[in-house]
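The values are calculated or read from the model by the stated rules, or taken from the named source; none is laboratory data. Just so you know, these numbers come straight off a predicted model, no measurement behind them. Don't worry about glycine lacking a Cβ; one is built from the backbone with ideal geometry, like all the others, and counts go over all protein chains shown.
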Amino acid sequence: MSDVAALEQPIAPLPEEGIGSGAVAGRSPWELAARRLLRNRVAMAALGLFVLIVLVSLAAPLYAEHIAHTDPFVPNLNGTTEVDGKQVPIMQQGGGALKLGVTPIGPTWHSNFFLGADNQGRDVMARVLYGGRSSLLIGIGSALICGLVAVIVGLLAGFFGGLTDTVLSRTLDVIWAFPVYLLAISIATVLITQGLSVGPFSISASSLWLPTLIIAVVYVPYVARPVRGSVLSVREKEFIDAAIAQGASNTRLMLSEILPNVISVVIVLLPLMIATTILTESALSFLTIGVQPPQASWGTVISDGQQLLYTRPWVAIAPGIMIVLTVLSLNVLGDGIRDALDPRAKRRIGRKAKA
Amino acid sequence: MSSRRSILIGVLALTVMAAGCGGGSSSTSGSSGGSSSASSTGGGGKGGTFTILANSNWGTADPAKNYTLQEWQLLILTHDGLVGFKRAGGTEGTKIVADLATEVPQPTDGGKTWTFTLRPGIKYSDGTDLKASDFQRVFLRQFTVPGPANGFYEPIVGAAECLKSPKTCDLSKGIVTDDQAGTVTFHLTAPDPEFLDKLGLPFAFAVPGNTPLKDTGNNPPPGTGPYMWDHYDPNQGAKLVRNPYFKEWSADAQPNGNPDVIEYKFGLTVEAEVTEVENGTADWVFDPPPADRLNEISTKYADQAHVNPLTADYYMALNVNVPPFNNLQARQAANFAADRAAYVKIYGGPSLAQPSCQVLPPNFPGYEPYCPYTTNPGDGQWHGPDIAKAKQLVEQSGTKGAKVAVVGTTDEVGKALTEQVVADLNAIGYKATAKLLAGGVQYAYIQNSDNKVQVGYSQWYQDYPAASDFLNILLGCGSFHPHSDASPNISGFCDQTIQDKMDQALKLGLTDPAGANKLWAEVDHDVTDQAAWITMFNPKLIDFLSKRVTGYQFSPQWYFLIAQASVQ
């Protein structure tokens, strides 16, 4: 009961002026949701963490130029760096009788090579920060594109029904039928050789747009389906009949009447989608079919560190930690947004958990 | 890393052999290279089980079909050819010796007829007698199974038709056998000085005459060697046990083995394999040890590791038919800019690779050190990139600012080498980018001229010790097949003057191998001057063995001679 009470609390906050004191300032559902979200400390902490990660990633060029003094995109196998006042090679020849192997320098915990170097002598810290830019850009970009396409598809399918719904829904079913990663890997493997050319539009194989679009496409059904379901429900409401009676066009019905009532579905899903798309991007890049060299993403840095796990584990661990923190913060934030926009959902979840 | 050894990268285009192999040098007389630092850690007795760990299996076990070093190292213990490479370490291991045949014959009919006489009394591991007519079956299977490099045997009369129409393959005129006399006679359409080398490969190993004309999969047919197959399960492993019918007839060609049992286990990660060998629970890691275990091996287990140079090249093929590298100065500029010290570091440092500018590897027939693309040239060695010279050549070529895509592979070494070459090209004024593809896709992609690949990363390991196996196959006019995925001349290089010299060397090889090798050395220097490749380095190989293994030997042809080692 206490949970329910807490949830109910923000829904009906009576103004201090009271009913009898004059005009009552109405609050929109969005404002109420924002208030609920702001009161959710865990969600706010998650938001803070995510914003921090974004800011740190955006500062990558500043870090590389002014702190690490390095170009993290150019191999530096013959270079040296200063450690404790001495110049030491970045790639260190193996010892012993056979002098086998070359090992990159480990973490110096100083400005240069703070987390050490990768197998091409590049500053790992700088690459992790640059990797964040790519991973976040692709993650957010693909989630937004996915959301936009899904809203359009879901609106059209749900509103028009009939043949339109059949064609669009079956198309979504076809995409849905493939395991997400299998589909993404298949598309990426094909496109990575030549890039993508559609009419006048051309995307090179090394462009970040390629993984962004691939990831966006494979997740469209996962957002479009709930949107379509909401549209099917909303279009049966009385206010839609009223709008139709007033002569509203289909476009106006969709954009002005239905869309505002289903957009919360997308908003709730968006942080979770970003988290998912970041994971997918990392997986594709780890398999070398996502972000192409010399650009970095968290997935490519982990891939670079895979062969160094035994001697230089930080190369793989650092981007791994960044992925965990980002995905965790987005998932917690997503839960907070869901609770804020649809408190009854949390109540339902709470009851299920108790049962 | 494992693919470097699990597959003999010499995936030879069948048509190349037809186009290019008109004559050449015979390795019967020995190769001109030096020792490959084959080492021995003392003798040992017979008996015991030699346990090998590998990350993955080798696919089909049929000797007609398999083209991997991994299984070839076992097939040479279970099967024999008419002739074989001497089972010895160092350059001795490149010599052709008589195996099932009583002697290595001299060709007749101007090099077009070879007659072998079988040793009497040899039996297969199932107890049946070896017959001359079995070799009809061996070569028929090359075209019906079919073998992955059956172009090797195209010079045999009738083989060209078999390549086109395997179902109606008839080699009766090309291979004449007499079971009573025990003779096998090959009739060739043209002299082939490398014919003996090709007969020494597992594709030509004897199998019973009733062996099916299809891939036998996981059940290799019986052989005549000192071991026989107990089982091969691609998911678990393989086991060789002693062949009860084997009696040693030539210690040079097929010596009896030391271990009683040779066992392969599949499926562990390479890291786990190294740990098992360190702990003494297995005897040999087939896969190259991972980069981040090398220092540990070098410092703690140096006496258990053996490093040997390989007759192989790692290189970037420059497409001579597509800008900007259709310009000689641009190609030479790329070669001057190549930071071969960096390439060597990527592969594991100077202990594991040697920088190179030329096509033929050291210790190989026709090899004479040559490196014009270096600071302080003249001694044949590479000393460092000459960026100033490279920039000057780029300016002169008028290709400055050209976009260049370097197509590499996604494995650790391929990716790093590709990125380093991209950096090297950018340093002299090109706008280079990397394009990484999975190994299997990439090799076919860079060969096909339709893809207009400007720079393609590749490797080449010898099939047998002959200069033409590098020069003619990789840079001969006959090995460039436009619009085909099987065009090992990735650069599309064809210089008629150089090709004429290659043809001359091939012909000379039949009568004057030493003279032919001198000619091959000239060809090697000529193609290096034409800069169709950026040759990066010649790799070396680490064999990591358990403490209980003694008697290590390394053959340039078969690498670690497993059965000649002993387990205590």
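Quick look at the values:
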item	result
Any hit, segment A:305-326, residues being out of contact with any His (no Cβ under 8 Å at 6 or more places or on another chain), among the hydroxyl-bearing types (Ser, Thr, Tyr) and at pLDDT 95 or above	yes
Any chance B:Gln73 is free of Cβ contacts under 8 Å to residues at least 24 places away in the same chain and surrounded by fewer than 24 Cβ atoms within 10 Å (Cβ to Cβ)	no
Residue tally, condition of a type in the set (Val, Ile, Thr) and either buried (at least 19 other Cβ atoms within 10 Å of the Cβ) or without any contact (Cβ under 8 Å) to a residue 40 or more places away in the chain (or both), over segment B:211-237	2
Selection from segment B:175-210 of residues that are crowded, with 22+ Cβ neighbours inside 10 Å and in a loop (DSSP other than H, G, I, E, B)	B:Pro191, B:Asp192, B:Pro193, B:Glu194, B:Gly200, B:Leu201, B:Phe205, B:Ala206, B:Val207
Selection within segment B:517-557 - closer than 30 Å to B:Arg242 by Cα and crowded, with 20+ Cβ neighbours inside 10 Å	B:Ile542, B:Asp543, B:Phe544, B:Leu545, B:Ser546, B:Val549, B:Tyr552, B:Gln553, B:Phe554, B:Ser555, B:Pro556, B:Gln557
Residue in segment B:137-148 that is at pLDDT 95 or above and either of a type in the set (D, E, K, R) or closer than 17 Å to B:Ala181 by Cα (or both) present	yes
Verdict on B:Ala317 being farther than 28 Å from B:Tyr552 by Cα, within 14 Å of chain A (Cβ to nearest Cβ) and out of contact with any Asp or Glu (no Cβ under 7 Å at 6 or more places or on another chain)	no
Residues satisfying the stated conditions in segment A:85-94, i.e. within 7 Å of chain B (Cβ to nearest Cβ) and without any contact (Cβ under 8 Å) to a residue 12 or more places away in the chain	A:Gln93, A:Gly94
Any hit, segment A:126-144, residues being surrounded by 20 or more Cβ atoms within 10 Å (Cβ to Cβ) and within 14 Å of chain B (Cβ to nearest Cβ)	yes
Subset of segment A:312-323 [more than 8 Å from every other protein chain (Cβ to nearest Cβ) and either among the aliphatic types (A, V, I, L, M) or buried (at least 23 other Cβ atoms within 10 Å of the Cβ) (or both)]	A:Val315, A:Ala316, A:Ile317, A:Ala318, A:Pro319, A:Ile321, A:Met322, A:Ile323
Tally of residues being of a type in the set (S, T, N, Q), facing chain A (nearest Cβ under 9 Å) and touching a Pro at 6+ places or on another chain (Cβ under 6 Å) across segment B:416-468	1
Residue check for A:Thr171: of a type in the set (S, T, N, Q), over 30 Å from A:Ile321 (Cβ atoms), more than 14 Å from every other protein chain (Cβ to nearest Cβ) and without any contact (Cβ under 8 Å) to a residue 40 or more places away in the chain	yes
Test: residue in segment B:469-484 that is within 14 Å of chain A (Cβ to nearest Cβ) and either surrounded by fewer than 24 Cβ atoms within 10 Å (Cβ to Cβ) or more than 30 Å from B:Gly93 (Cα to Cα) (or both)	no
Cross-chain or 6+ apart pairs with Cβ under 6 Å, segment B:518-542 first and closer than 29 Å to B:Ser298 by Cβ and within 14 Å of another protein chain (Cβ to nearest Cβ), then of a type in the set (Val, Ile, Thr) and in a strand (DSSP E or B)	B:Lys540/B:Val307; B:Ile542/B:Val307
Selection from segment B:145-174 of residues that are part of a loop (DSSP other than H, G, I, E, B) and touching a strand residue (DSSP E or B) at 6+ places or on another chain (Cβ under 9 Å)	B:Pro155, B:Val157, B:Gly158, B:Leu171, B:Lys173, B:Gly174
Filter result for B:Val407 (β-branched (Val, Ile, Thr), under 22 Å from A:Leu284 (Cα atoms) and touching a Lys or Arg at 6+ places or on another chain (Cβ under 6 Å))	yes
Any hit, segment A:95-114, residues being away from every other protein chain (no Cβ under 14 Å), surrounded by 22 or more Cβ atoms within 10 Å (Cβ to Cβ) and in a loop (DSSP other than H, G, I, E, B)	yes
Among residues of segment B:120-141, those that are of a type in the set (D, E, K, R) and surrounded by fewer than 20 Cβ atoms within 10 Å (Cβ to Cβ), counted	3
Helices (runs of 4 or more DSSP H) contained in segment B:418-528 and holding at least 3 residues of a type in the set (Gly, Ala, Ser) and modelled with pLDDT under 95	B:439-447
Qualifying residues in segment A:179-196 (those that are more than 21 Å from the chain's Cα centre (by Cα) and among the hydrophobic types (A, V, I, L, M, F, W, C)) - the one nearest to the other protein chains (Cβ to nearest Cβ)	A:Ile192
Test: residue in segment B:120-140 that is more than 20 Å from B:Val207 (Cβ to Cβ) and out of contact with any Asp or Glu (no Cβ under 7 Å at 6 or more places or on another chain)	no
A:Thr70 vs. criteria free of Cβ contacts under 8 Å to residues at least 60 places away in the same chain, of a type in the set (Val, Ile, Thr) and outside any loop (DSSP other than H, G, I, E, B)	no
Number of positions in segment A:283-311 that are within 11 Å of chain B (Cβ to nearest Cβ) and more than 19 Å from A:Val190 (Cβ to Cβ)	13
Within segment A:185-200, tally of residues that are part of a helix (DSSP H, G or I) and not polar (S, T, N, Q)	6
Evaluation of A:Ile53 against (1) touching a helix residue (DSSP H, G or I) at 6+ places or on another chain (Cβ under 7 Å); (2) within 14 Å of chain B (Cβ to nearest Cβ); (3) of a type in the set (A, V, I, L, M) (one fails), failing number	(2)
Residue check for A:Gln306: more than 12 Å from A:Ser135 (Cβ to Cβ) and touching a helix residue (DSSP H, G or I) at 6+ places or on another chain (Cβ under 9 Å)	yes
